[in-house]
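One structure is given below, encoded as structure tokens.
The values are calculated or read from the model by the stated rules, or taken from the named source; none is laboratory data. Just so we're clear, the structure is a prediction, and the values are computed from it rather than from any experiment. FYI the Cβ positions are ideal-geometry reconstructions off the backbone, even for glycines, and counts take in every protein chain you see.
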Amino acid sequence: MLPTNDADSDIIQRFVRIQNHKNVQGLILISEDGNPVRSSLDNSTSLHYSRHANELKAISRDIVRDLNPDDELAVLRLRTEHNEIMMLPSK
């Protein structure tokens, strides 16, 4: 995917910068409807993570809104013994 404007170019630069961190195993940019837009992983892995990430985002967003209707999910961090997943939903 080629950048179409400055915002797209900025997103791609950030994607590459994060991807180049030594402990990053993979990075996926997911559309609002849950489809991978850009990924450093193979297609089946990207689809697998995207599907689950979208479900987790929806559940987490609902929980946050149940606790406080004026609040919004900003960052979701899931850390296990061996891995960590960070999600930053768009507004």
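Values for this structure:
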item	result
Residues that are in contact (Cβ under 8 Å) with a residue 12 or more places away in the chain and either touching a Leu at 6+ places or on another chain (Cβ under 8 Å) or closer than 16 Å to L27 by Cβ (or both), drawn from the stretch 55-80	L56, K57, S60, R61, A74, V75, L76, L78
Residues located in the stretch 59-91, provided they are surrounded by 13 or more Cβ atoms within 10 Å (Cβ to Cβ) and outside any strand (DSSP E or B)	S60, R61, V64, R65, L73, P89
Lone unmet requirement of (1) in contact (Cβ under 8 Å) with a residue 24 or more places away in the chain; (2) part of a helix (DSSP H, G or I) for R38	(2)
Of all residues making up the stretch 61-91, the number that are in contact with a strand residue (DSSP E or B) (Cβ under 8 Å, 6 or more places away or on another chain) and modelled with pLDDT of 95 or more	0
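Residues are listed down the side, and each one gets a yes or a no for (1) closer than 17 Å to L88 by Cβ; (2) touching a Leu at 6+ places or on another chain (Cβ under 6 Å); (3) surrounded by 11 or more Cβ atoms within 10 Å (Cβ to Cβ):
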| residue | (1), (2), (3) |
| --- | --- |
| Q19 | yes, yes, yes |
| P36 | yes, no, yes |
| L41 | no, no, yes |
| T45 | no, no, yes |
